[in-house]
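Let me begin by presenting the structure, written as structure tokens, before commenting on it.
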Amino acid sequence: MMTGAPRTLVIGLGNPILTDDGIGVHVARAVAETLPESSGIDVIELAVGGLALMESMVGYERVILIDALYAAENETGRVRVFDAGDLASTLNTASSHDADLPTALRLGRSLGAALPEDQAIQIVGVTAHDVLTFGESPSPRVRAAAHGAAELVIDLLGVPQSEQAAHTLT
Amino acid sequence: MKQRITIDPITRLEGHGKIEVFLDERGEVANTYFQIPELRGFEVFCLGRPAEEMPRITNRICGVCPEAHHMAASKALDMLFHVEPPPAGKKLRELFYSAFYCTDHTTHFYALGGPDFVVGPDAPASQRNILGVVGKVGVEAGLKVINTRKANHEVIKIIGGRAVHPVAGLPGGMSKAINEEERQFIEKVARDNVEFAQWSLEIFDQIVLKNSVYVDLIVGDIYTQRTYYMGLVDENNHVNFYDGMVRVVDPEGNEFAKYAPQDYLENIAEHVEPYSYLKYPYLKKVGWKGIVDGKDSGMYACTPMSRLNVADGMATPKAQEAYEKYLATLGGKPVHHTLATHWARLVELLYAAERMLELATDPEITSPNVRTIPTETPTVGIGTVEAPRGTLTHHYETDERGILTKVNLIVGTTNNNAPITLSIKKAAAALIHDGIVNEGILNRVEMAFRSYDPCFSCATHSLPGQMPLEVVVHNAAGEVIDRRSQHCAL
């Protein structure tokens, strides 16, 4: 890869037109607005799992994945952090068409791809409930968690307060 | 502080794939049900929007085949706006679609379908995945799969304008042309694809066809059912993924119907069962007779095997050769062995690669004339392509301003709902006795539907993780006597 290319990647996972499923994408957009231009951190949106998700991480030293975690309705809106070593599965890390993320990562590493270690793949999960209804906006409790989730990602990235761009979260 | 979270697939199964098996007093299979989650509100979401948004909205309903939805939607818009794309625009779409087929069929064979054969149907579940395939065939295989995916995704991005969710399809053609430098790259990828597809067929030959246990499994009764078959064909009755007429053959292989995709409502009706939101499309002129095969049952399948059954051949030379070998080995058309779908998929992979090369070397492919601007008032649009997992139709109606008033999609997995259900029923009935279910049996039941490359996220949208499946066995009194779950891909 190119010298000086970004080494940290933030991925907002999910489908932005599927109510709570899109929360990862909404949080990633908020993170992107907050990061200073000079941060050197890439922020992308994805609605893929499995092999394609693994492939998106090649060449990065560190990845933060933001995704929805399916939970009962009264559990919605909580934010949890864990890493790929702890991962069973979030809503979007796997694909019904190929493999889940842990399998895909093992495959990538066995083929010599430059992938981050499990500990360097952090997952910020927002518990969500309605992931089967088309809609462009998450439900109120999940939407309310977006701000805290974005702040948490910024903290994890270690961006000093003074360097953060002024931002608004919707 | 770190917290370990385990999300048990059982707890996540609400809304995921579920097979329910009901036994009689003797512990034999009385009935089976296959259920997948309902996705709500798609039509409501779309109504009132400008129709030209559909290629970008519908490619969001599926994480597996957005390219297929993008193409079906673009074609539906051509008809809606009464506009024909110029030849280069059409060719560019088909080139894009061929690259998509190369990556999609490759992924299914090596990551999902292949492990059952390459690693073995009775291997531990932890080995029946793409890692197991690499372990058996070698690291070279893994590298080839990853490189094929990467190169074709780059082609999709070049032509489609964006990775994963393409944006280039518009009513009347494509939003941008490709230049000579891009064409040269695409040509190289296509040449590599042809080589890779031939190599994959060689692996299938070595590992599957030379193993009599596997061949017996493929042609055995458990995975055999005699239904109607459907698929798109070109003017020579050759397989075509992007365009053509819908051809249907009966269980004896005779042409039953051939119609323009726009006439689907005259040929297809949908049956509804109370236990499943997913409808069962069937041939209107034959009628719905339930989940049974045979000539009197209107059930049809549209899979790679189906497409090879409805066609008179393949439009490219190497794929035609592979097609002839496939038919000669399996006893001629129509092939009724569901597991042969994996082989048919590789024949199609070779065709997609060859077609991609033809188009990439077509003198017209770099023409800047890739779009006809629509000028007519929009009305009704119906567009059909062959998605890798089956015939995909988009149907839109609008007011005179082009604002959507009706949206209907029939996706590949829905078309295959009845044959998938029958395949599961047959496998369960043959394998489950005395109420006993174990992992090996469960995997062999799953193999029945895995060959269809079903896309729940497409039929229902939800991206359900590892496609966890739960099999619930009920006794004659309806009580749950066994409950097993496992992931298909792990």
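The values are calculated or read from the model by the stated rules, or taken from the named source; none is laboratory data. Nothing here was measured: the structure is a model prediction, and the numbers come from that model. Heads up, the Cβs are rebuilt from the backbone with ideal geometry, glycines too, and the neighbour counts pull from every protein chain shown.
Looking only at the range A:43-66, filter to residues that are farther than 21 Å from A:R109 by Cα and modelled with pLDDT of 90 or more; which one of those is surrounded by the fewest Cβ atoms within 10 Å (Cβ to Cβ)?
Among those that are farther than 21 Å from A:R109 by Cα and modelled with pLDDT of 90 or more, it is A:I44.
Being touching an Asp or Glu at 6+ places or on another chain (Cβ under 7 Å) and farther than 24 Å from A:E117 by Cβ is the filter; apply it to the range A:17-33 and report the residue that is surrounded by the most Cβ atoms within 10 Å (Cβ to Cβ).
A:D20
Among the candidates B:A328, B:A344, B:A353, B:A430, single out the residue that is among the hydrophobic types (A, V, I, L, M, F, W, C) and in contact with a Pro (Cβ under 6 Å, 6 or more places away or on another chain).
After ruling out the rest, the residue left standing is B:A344.
Kindly provide the set of residues from the range B:390-409 that are under 24 Å from B:L283 (Cα atoms) and surrounded by fewer than 23 Cβ atoms within 10 Å (Cβ to Cβ), ordered by number. Working first, answer last.
As a first pass, look at the range B:390-409 and keep what is under 24 Å from B:L283 (Cα atoms): B:390-397, B:406-409.
Once the filter is applied, which keeps residues that are under 24 Å from B:L283 (Cα atoms) and surrounded by fewer than 23 Cβ atoms within 10 Å (Cβ to Cβ), the range B:390-409 yields B:H395, B:E397, B:K406, B:V407, B:N408, B:L409.
Look through A:A71, A:A149, A:A84 and report the one residue that is buried (at least 18 other Cβ atoms within 10 Å of the Cβ), farther than 29 Å from B:A125 by Cα and either modelled with pLDDT under 90 or hydrophobic (A, V, I, L, M, F, W, C) (or both).
A:A149 is the lone residue from the list that is buried (at least 18 other Cβ atoms within 10 Å of the Cβ), farther than 29 Å from B:A125 by Cα and either modelled with pLDDT under 90 or hydrophobic (A, V, I, L, M, F, W, C) (or both).
Of the conditions (1) modelled with pLDDT under 75; (2) more than 23 Å from A:V48 (Cα to Cα); (3) within 14 Å of chain A (Cβ to nearest Cβ), B:F456 satisfies every one except a single condition; which number is it?
(2)
Scan the range B:201-231 residue by residue and report those that are of a type in the set (D, E) and in contact (Cβ under 8 Å) with a residue 40 or more places away in the chain. Talk me through it step by step, then tell me what you get.
Taking the range B:201-231 first, the residues of a type in the set (D, E) are B:202, B:205, B:216, B:221.
Result: B:D221, single match.
Looking at the range B:139-165, I want the residues that are basic (K, R) and have a partner that is not in a helix (DSSP H, G or I) with Cβ atoms under 6 Å, at least 6 apart or on another chain. Which pairs are those?
Correct list of pairs: B:K157/B:A163.
Got a number for residues in the range B:172-201 being among the aromatic types (F, W, Y) and under 21 Å from the mean Cα position of the chain (by Cα)? Let's see the steps before the verdict.
First, pick out the residues of the range B:172-201 that are among the aromatic types (F, W, Y): B:185, B:196, B:199.
Now narrow it down to the ones that are under 21 Å from the mean Cα position of the chain (by Cα): B:196.
Selection size over the range B:172-201: 1.
Taking only the range A:91-106 into account, find how many residues are modelled with pLDDT of 75 or more and within 7 Å of chain B (Cβ to nearest Cβ).
Looking only at that region, the number is 3.
Which of the residues spanning the range B:311-348 are in a helix (DSSP H, G or I), within 21 Å of B:A448 (Cα to Cα) and in contact (Cβ under 8 Å) with a residue 60 or more places away in the chain?
Narrowing the range B:311-348 to residues in a helix (DSSP H, G or I): B:317-330, B:338-348.
Now restrict to residues that are within 21 Å of B:A448 (Cα to Cα): B:326-327, B:329-330, B:338-348.
Passing the criteria: B:T329, B:L330, B:T338, B:L339, B:A340, B:T341, B:H342, B:W343, B:R345, B:L346, B:V347, B:E348.
Just one of B:R162, B:R149, B:R128, B:R191 is basic (K, R), under 27 Å from B:I57 (Cβ atoms) and in contact with a Leu (Cβ under 9 Å, 6 or more places away or on another chain); which is it?
After ruling out the rest, the residue left standing is B:R149.
Would you say B:A257 is in contact with a strand residue (DSSP E or B) (Cβ under 9 Å, 6 or more places away or on another chain), hydrophobic (A, V, I, L, M, F, W, C) and part of a loop (DSSP other than H, G, I, E, B)? Break it down stepwise before answering.
On the way: in contact with a strand residue (DSSP E or B) (Cβ under 9 Å, 6 or more places away or on another chain): yes; hydrophobic (A, V, I, L, M, F, W, C): yes; part of a loop (DSSP other than H, G, I, E, B): no.
Answer is no for this residue.
List pairs: first residue in the range A:12-28 and under 15 Å from B:R56 (Cβ atoms), second residue aliphatic (A, V, I, L, M) anywhere in the structure, Cβ distance under 6 angstrom, at least six positions apart or on different chains.
So the pair list comes out as A:N15/A:A47; A:P16/A:V25.
Take the range B:52-87 and flag every residue that is touching a Pro at 6+ places or on another chain (Cβ under 8 Å), aliphatic (A, V, I, L, M) and surrounded by fewer than 24 Cβ atoms within 10 Å (Cβ to Cβ).
Answer for the range B:52-87, where residues must be touching a Pro at 6+ places or on another chain (Cβ under 8 Å), aliphatic (A, V, I, L, M) and surrounded by fewer than 24 Cβ atoms within 10 Å (Cβ to Cβ): just B:V83.
Just to verify a result, which residue in the range B:115-137, among those that are within 11 Å of chain A (Cβ to nearest Cβ) and not polar (S, T, N, Q), is farthest from B:K150 (Cα to Cα)?
Selected residue: B:R128.
Does the range A:107-134 hold any residues that are at the interface with chain B (Cβ under 7 Å from one of its Cβ atoms) and in contact (Cβ under 8 Å) with a residue 12 or more places away in the chain, and which are they?
Across the range A:107-134, the qualifying residues are A:L107, A:V131, A:L132, A:T133, A:F134.
May I ask you to verify whether B:I186 is in a loop (DSSP other than H, G, I, E, B) and surrounded by 23 or more Cβ atoms within 10 Å (Cβ to Cβ)? Full working, then the answer.
Values: in a loop (DSSP other than H, G, I, E, B): no; surrounded by 23 or more Cβ atoms within 10 Å (Cβ to Cβ): yes.
It is false that B:I186 is in a loop (DSSP other than H, G, I, E, B) and surrounded by 23 or more Cβ atoms within 10 Å (Cβ to Cβ).
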